[in-house]
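> Provided herewith is a single structure, encoded as structure tokens, for subsequent inquiry.
The values are calculated or read from the model by the stated rules, or taken from the named source; none is laboratory data. The structure displayed is predicted, hence computed values, not measured ones. All Cβ positions, glycine included, derive from the backbone under ideal geometry; neighbour counts span all protein chains shown.
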Amino acid sequence: MRSALLLLAFFSATAQAAAIERFKTFVQGTQSARADFEQNVSDRAGKPVQQAKGTFVFQRPGKFRWVYAKPVDQVIVGDGERVWIHDRDLNQVTVRKLSRALGSTPAALLAGSAEVEAAFELSEAGMRDGLEWLEAKPREREAGFERVRMGFSASGLQAMELVDHFGQTTRLRFTNLTRNPKVDPAEFRFTPPKGADVLGEK
């Protein structure tokens, strides 16, 4: 019985090490990436409240472009110094300094530096839906979410799940993910459109 428990503990530890190692390999070996995504948001009771599709591209460290198609119709750009959020329906732009917006946010897991463990506590979250899941909890209390889970297959990152402090869950599924593509620097530049209301830290 004891040997069986020791064997179980060994395989559990191995699985945890493999999940964390897979994530580190993704971070260290992916300097840029491009993909399509589908996003589904549900409330605490599991009721769907929003669906959206879009595309994203990122380049480490701190540069990314996240584009939602309608009905959300929003663009989020990290230019390496600031994060710009443009609501195209309202023609309103919100801007924050990158260090404050990215330091312990889900975007840091994708586009931040390789030293993510300084901002997140990583742990194994088991197998589900054919994917191996890793859980990341922000070390900062001011983060806008409780935890993020990232689902990996043998080919790489496939999904993310974000749970905020209100119990709302955002699920992202990635398709057509290309690692280390050639990226046009212009994708990470943002100029507020003429007539737009610009709010926040300029």
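> Scan the range 24-78 residue by residue and report those that are in a loop (DSSP other than H, G, I, E, B) and of a type in the set (D, E, K, R).
Within the range 24-78, D43, R44, K47, R60, K70, D73 meet the criteria.
> So, in the range 95-107, exactly how many residues are among the β-branched types (V, I, T) and modelled with pLDDT of 85 or more?
1
> I've got another one for you. Among the residues of the range 108-130, write down those that are at pLDDT 85 or above and either closer than 19 Å to T30 by Cα or among the β-branched types (V, I, T) (or both).
L122
> Which condition number in (1) of a type outside the set (A, V, I, L, M, F, W, C); (2) in contact with a helix residue (DSSP H, G or I) (Cβ under 7 Å, 6 or more places away or on another chain); (3) closer than 24 Å to G46 by Cα is the one that G112 fails?
(3)
> Okay, next question. Tell me which residues, restricted to the range 164-190, are crowded, with 16+ Cβ neighbours inside 10 Å and aliphatic (A, V, I, L, M).
The answer is L172, L177, V183.
> Where the second residue is outside any strand (DSSP E or B) and the first is among the small types (G, A, S) and lies in the range 60-75, which pairs have Cβ atoms under 7 Å and are six or more apart or on separate chains?
Filtered contacts from the range 60-75: G62/G80; G62/L98; G62/L102; G62/A111; G62/G112.
> Quick check on my filter: what residues within the range 143-160 are free of Cβ contacts under 8 Å to residues at least 24 places away in the same chain and buried (at least 17 other Cβ atoms within 10 Å of the Cβ)?
R147, G151
> Does A196 qualify as being of a type outside the set (D, E, K, R) and loosely packed, with under 11 Cβ neighbours inside 10 Å?
When the stated conditions are applied, A196 does not pass them.
> Also: Filter the range 3-49 for residues that are of a type outside the set (A, V, I, L, M, F, W, C) and modelled with pLDDT under 70; which is nearest to Q59 (Cα to Cα)?
Q16
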